[in-house]
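Trainee: First the structure, then my questions, so here it is.
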Amino acid sequence: MEFRIDRSSGLPAYLQLVRQVREALRLGLLEPGDRLPTVRDVVATSGVNANTVLKAYRELEMSGLVEARQGSGTFVKAGLGSTDPAVMSALRARLFVWVREAREAGLDAEDIDALVRSVLGVPDEGDRTRGGEGVAVL
(Lines give C-alpha, C1' and ligand atoms only; values in the text may rest on other atoms or scores of the structure.)
Protein backbone atom coordinates (compact mmCIF):
# COMPACT_ATOMS: atom_id res chain seq x y z
CA MET A 1 0.00 0.00 0.00
CA GLU A 2 1.29 3.43 -0.91
CA PHE A 3 -0.20 6.49 0.75
CA ARG A 4 -1.02 9.73 -1.07
CA ILE A 5 -1.24 13.01 0.80
CA ASP A 6 -3.20 15.91 -0.68
CA ARG A 7 -1.81 18.99 0.99
CA SER A 8 -4.57 21.15 -0.49
CA SER A 9 -7.47 19.07 0.86
CA GLY A 10 -7.77 20.80 4.22
CA LEU A 11 -7.91 17.39 5.91
CA PRO A 12 -4.97 16.76 8.28
CA ALA A 13 -2.41 14.33 6.87
CA TYR A 14 -2.89 11.79 9.67
CA LEU A 15 -6.64 11.63 8.91
CA GLN A 16 -5.86 11.15 5.21
CA LEU A 17 -3.70 8.16 6.17
CA VAL A 18 -6.46 6.75 8.41
CA ARG A 19 -9.05 7.25 5.66
CA GLN A 20 -6.87 5.48 3.08
CA VAL A 21 -6.36 2.46 5.34
CA ARG A 22 -10.10 2.30 6.09
CA GLU A 23 -10.90 2.54 2.36
CA ALA A 24 -8.40 -0.22 1.55
CA LEU A 25 -10.03 -2.40 4.20
CA ARG A 26 -13.50 -1.74 2.78
CA LEU A 27 -12.36 -2.51 -0.76
CA GLY A 28 -10.61 -5.71 0.28
CA LEU A 29 -7.20 -4.33 -0.70
CA LEU A 30 -6.04 -4.93 2.88
CA GLU A 31 -7.07 -7.96 4.91
CA PRO A 32 -6.45 -9.17 8.45
CA GLY A 33 -2.83 -10.24 8.78
CA ASP A 34 -1.51 -7.80 6.17
CA ARG A 35 1.36 -5.60 7.27
CA LEU A 36 1.10 -1.84 6.88
CA PRO A 37 4.12 0.02 5.50
CA THR A 38 6.71 0.95 8.09
CA VAL A 39 6.70 4.48 9.43
CA ARG A 40 10.03 5.02 7.69
CA ASP A 41 8.61 3.88 4.34
CA VAL A 42 5.54 6.12 4.66
CA VAL A 43 7.74 9.10 5.52
CA ALA A 44 9.97 8.39 2.51
CA THR A 45 7.14 8.00 0.00
CA SER A 46 4.66 10.60 1.24
CA GLY A 47 6.88 13.27 2.76
CA VAL A 48 4.94 13.49 6.01
CA ASN A 49 6.51 13.65 9.46
CA ALA A 50 7.05 10.38 11.34
CA ASN A 51 4.88 11.66 14.19
CA THR A 52 2.03 12.10 11.71
CA VAL A 53 2.27 8.47 10.64
CA LEU A 54 2.50 7.32 14.24
CA LYS A 55 -0.61 9.35 15.10
CA ALA A 56 -2.53 7.73 12.22
CA TYR A 57 -1.41 4.24 13.20
CA ARG A 58 -2.35 4.90 16.85
CA GLU A 59 -5.81 6.08 15.73
CA LEU A 60 -6.26 2.89 13.70
CA GLU A 61 -5.05 0.82 16.64
CA MET A 62 -7.44 2.53 19.05
CA SER A 63 -10.32 1.75 16.69
CA GLY A 64 -9.33 -1.93 16.73
CA LEU A 65 -8.38 -2.15 13.07
CA VAL A 66 -4.63 -2.69 13.43
CA GLU A 67 -2.19 -3.87 16.04
CA ALA A 68 1.43 -2.92 16.57
CA ARG A 69 3.77 -5.86 17.16
CA GLN A 70 7.01 -4.94 18.89
CA GLY A 71 9.85 -5.23 16.40
CA SER A 72 7.63 -6.62 13.63
CA GLY A 73 5.50 -3.70 12.47
CA THR A 74 1.84 -2.79 12.32
CA PHE A 75 -0.60 -5.41 11.11
CA VAL A 76 -4.25 -5.37 10.08
CA LYS A 77 -6.32 -6.90 12.84
CA ALA A 78 -9.86 -6.56 11.47
CA GLY A 79 -11.52 -5.92 8.14
CA LEU A 80 -14.29 -3.52 7.25
CA GLY A 81 -15.55 -4.97 4.01
CA SER A 82 -18.79 -6.93 4.17
CA THR A 83 -19.19 -7.51 0.45
CA ASP A 84 -17.65 -10.22 -1.69
CA PRO A 85 -14.32 -8.90 -3.07
CA ALA A 86 -15.30 -10.00 -6.59
CA VAL A 87 -18.47 -7.90 -6.40
CA MET A 88 -16.48 -4.93 -5.09
CA SER A 89 -13.97 -5.33 -7.91
CA ALA A 90 -16.70 -5.41 -10.57
CA LEU A 91 -18.43 -2.35 -9.10
CA ARG A 92 -15.11 -0.51 -8.91
CA ALA A 93 -14.42 -1.25 -12.58
CA ARG A 94 -17.85 0.12 -13.56
CA LEU A 95 -17.31 3.19 -11.39
CA PHE A 96 -13.93 3.76 -13.05
CA VAL A 97 -15.65 3.84 -16.46
CA TRP A 98 -18.33 6.22 -15.11
CA VAL A 99 -15.72 8.60 -13.68
CA ARG A 100 -13.85 8.60 -16.99
CA GLU A 101 -17.10 9.49 -18.80
CA ALA A 102 -17.80 12.25 -16.26
CA ARG A 103 -14.33 13.72 -16.84
CA GLU A 104 -14.82 13.52 -20.61
CA ALA A 105 -18.08 15.44 -20.10
CA GLY A 106 -16.09 18.22 -18.45
CA LEU A 107 -16.64 17.49 -14.76
CA ASP A 108 -13.74 18.06 -12.40
CA ALA A 109 -13.11 16.18 -9.13
CA GLU A 110 -15.28 18.58 -7.10
CA ASP A 111 -18.16 18.23 -9.60
CA ILE A 112 -17.93 14.45 -9.45
CA ASP A 113 -17.76 14.50 -5.65
CA ALA A 114 -20.84 16.73 -5.45
CA LEU A 115 -22.74 14.47 -7.86
CA VAL A 116 -21.86 11.32 -5.93
CA ARG A 117 -22.74 12.93 -2.59
CA SER A 118 -26.11 14.03 -3.98
CA VAL A 119 -26.90 10.45 -4.94
CA LEU A 120 -25.64 9.05 -1.64
CA GLY A 121 -27.98 11.41 0.17
CA VAL A 122 -31.06 9.89 -1.47
CA PRO A 123 -32.48 7.27 0.98
CA ASP A 124 -33.50 4.80 -1.76
CA GLU A 125 -34.82 4.70 -5.31
CA GLY A 126 -38.45 5.06 -4.27
CA ASP A 127 -37.91 8.01 -1.94
CA ARG A 128 -37.02 11.16 -3.84
CA THR A 129 -36.63 14.63 -2.37
CA ARG A 130 -37.31 18.08 -3.82
CA GLY A 131 -40.31 17.22 -5.94
CA GLY A 132 -39.14 13.88 -7.29
CA GLU A 133 -35.97 15.20 -8.91
CA GLY A 134 -33.80 12.61 -7.16
CA VAL A 135 -31.59 15.23 -5.59
CA ALA A 136 -30.89 15.31 -1.89
CA VAL A 137 -30.49 18.63 -0.22
CA LEU A 138 -27.28 18.42 1.77
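The values are calculated or read from the model by the stated rules, or taken from the named source; none is laboratory data. Note that the structure is a prediction, hence the values are computed from the model and not measured. Cβ sites come from the backbone with ideal geometry, for glycine too, and all protein chains shown count toward neighbours. Note: accessible area is taken over every heavy atom of the protein model, side chains too, but ligands, DNA and RNA are not part of it. Shrake-Rupley method; radii C 1.70, N 1.55, O 1.52, S 1.80 Å.
Trainee: Could you work out Rg/(2.2 N^0.38 Å) for region 56-106, with Rg from alpha carbons only?
Mentor: 1.75
Trainee: How large, in percent, is the carbon and sulfur part of the accessible surface of region 1-78 at a probe radius of 1.4 Å? Mind showing how you got there, number by number?
Mentor: On the way: 2210 of 4740 Å².
Looking at region 1-78 in its full context, I get 47 percent from C and S.
Trainee: Still on this model: Ignoring the sites themselves, what is the longest stretch of the chain with no GluC sites (Glu not before Pro) in a DSSP loop and at most 12 other beta-carbon atoms within 10 Å?
Mentor: 3-124
Trainee: Also, quick follow-up: Quote the relative contact order of the chain in percent (integer), defining contacts as alpha-carbon pairs under 8 Å separated by 6+ residues.
Mentor: 20
Trainee: Rank 107, 36, 60 by mean-square fluctuation in a GNM of the chain with C-alpha springs under 10 angstrom and give only the top-ranked residue.
Mentor: 107
Trainee: Please work out how much accessible surface residue 75 shows to a 1.4 Å probe, ignoring ligands, DNA and RNA, in Å² rounded to 10.
Mentor: Solvent-accessible area, nearest 10 Å²: 30 Å².
Trainee: As a test question: what accessible area, to the nearest 10 Å², does residue 120 have when a 1.4 Å probe is rolled over all protein chains in place?
Mentor: The value for residue 120 is about 140 Å².
Trainee: What order do you get for 42-51, 89-98 when each peptide is scored by the mean count of other beta carbon atoms within 10 Å, highest first?
Mentor: 42-51, 89-98
Trainee: How big, in percent, is the set of alpha carbon pairs in the chain lying more than 18 Å apart?
Mentor: Taking all Cα-Cα pairs of the chain, the fraction more than 18 Å apart is 66 percent.
Trainee: If 52, 83 are ordered by their accessible area, calculated over protein heavy atoms with a 1.4 Å probe, which sequence runs from highest to lowest?
Mentor: Listed by decreasing accessible area, they come as 83, 52.
Trainee: So, for region 1-106, what is the accessible surface per residue at a probe of 1.4 Å, expressed in square angstrom?
Mentor: Accessible surface, normalised per residue, equals 66 Å².
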